[in-house]
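Have a look at the structure below, then the notes.
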Amino acid sequence: MSKASAYLKRFIPSLVPVSHMERLRASLGALVGILLTGLVSTLALGADANLPLLIAPMGASAVLLFAAPSSPLAQPWSILGGNIVASVIGVTSALLIPEPVIAAAVAVGLAIAIMLLLGCLHPPSGAVALTAVLGGTSIHEAGYWFVLSPVAINSALILVVALLFNNATGRRYPHLTPAGNTHRTDDPLPTQRLGIVPDDLQAVLAQYGEVVDISPDELDALIHQAQIRAFNRRSGEITCGEVMSRDVATAMPETSLRKAWQTLLEHDIKALPVVTEKDGLVGIITQTDFIKHAMLAPQGGLTQRLGSVMGFGPKAPRLVSEIMTRRVQSALPETMIAKLVPPMADMGLHHMPVVDADNRLVGIVTQSDLIAALFQRRLENDDERDVA
């Protein structure tokens, strides 16, 4: 390869690998988004409307909303706030500055400044500001009506389609800021107390001083996933199947709460996976579930309240199905134990049921199992270094 071609190749951006299915999903999403936005706008405004029913910047918005839905530039406030701010500035510039080229330049520059100030930067909004100035006679005659129709209407419609389509096709949207510590304290999450922590990222991004098309939260998540992969490599890739308990005490939805409580006490455990013959794992019932419902019971001591929960009260729940947690996280036998660290450390999970491909319970991993496995691996690694 010649020096010239090698130099030119450096101008090609290094994009993250994207699967063929993701390319198809993004393209189909843009098609559906623009089509529905145009059709609904036509029904709402009428085909004979003087203003355009679908403005060109929506095409650029579709690229972000469907091909890069995790980008901070594609979030709801970005598209709604950015497009409305830009359209207001564009219309105002067109009204106050008679020279179109100067008005266009002022509109785009000022729109970027205000969007950055308000935290709603959306690249297609620059085209919205430009359209408000150079869009033609009908847009100029509409004045500030252009902000509502078609800008706000188009933006809201394509945003609704993106919300439905992305979530229906397995892409979380919008990307909300994490809720923080589940214990509602000021402490960082356990996985954020060592290694690279959010404050490190914020400091580096502040020092970088440029717009980065990824949120600090997403960047932090990617870094932690990379750390987990590195840990898997160092720890010998221990799986759940290697450390899980296989002789697991369970309950069924129709099991009485009294029987479930006795099972917890008998085995000195804190949770029972709930299973059925037809569906496999359908939930989990823990000591916390009993105590939480006991707090809702009539007045009395904790023993009396627990007794009320277990069927001694007049309106007390009597079956496991009435108080069990139904949305239960589970793992596969081949899942690396390093992947259990975030949910157990940060989300407060103490038990992780292990199921097979048919959702049949095959074991359970507890925090104790996880700590013991990690400690044993650390001892083995230390022994190997001592021998070396």
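What to note about this one:
- Amide H contacts for Leu319 (H built 1.01 Å from N in the peptide plane; partners 5 or more residues away or on another chain; cut-off under 5 Å): Leu257.
- Projecting the Cα positions of Leu257, His267, Ile291 onto the charge dipole of the range 212-293 (unit charges on Cβ atoms of Lys, Arg, Asp and Glu, taken about the Cα centre) puts His267 furthest along the positive direction.
- Database remark: amide H of Gly363 closer than 5 angstrom to the amide H of Val354 (H placed geometrically; neighbours at sequence offset of 5 or more, or on other chains; Pro and chain starts carry no H).
- Contour excess over end-to-end distance, with Cα ends at Asp213 and Arg360 and 0.36 nm allotted per residue: 48.8 nm
- The modelled label-to-label distance for the pair Arg10/Ala345, using points 7 Å beyond Cα in the direction of Cβ, is 3.9 nm.
- Treating each Cα of the range 20-168 as one equal point scatterer and applying the Debye formula with no solvent, the log10 of I(q)/I(0) at q = 0.09, 0.12, 0.19, 0.20 Å⁻¹ comes out as -0.26, -0.46, -1.06, -1.15.
- Note on the range 10-86 and the range 104-179: Cα centroid distance 10 Å, given to the nearest whole angstrom.
- Potential lengthening between Glu322 and Val160 on full extension [0.36 nm per residue; Cα-Cα distance subtracted]: 54.8 nm
- Gain on full stretching of the segment that runs from Ile196 to Lys259 - 0.36 nm per residue minus C-alpha separation: 18.1 nm
- Lysines with Cα under 22 Å of Lys292, excluding same-chain neighbours fewer than 8 positions away: Lys259, Lys270, Lys315
Any read-out appearing in this document is the output of simple, stated calculations on the displayed coordinates, not a laboratory observation. Bear in mind the structure is a predicted one, so any value in this text is a computation, not a measurement. Cβ atoms come from the backbone with ideal geometry, glycine included; neighbour counts cover every protein chain shown.
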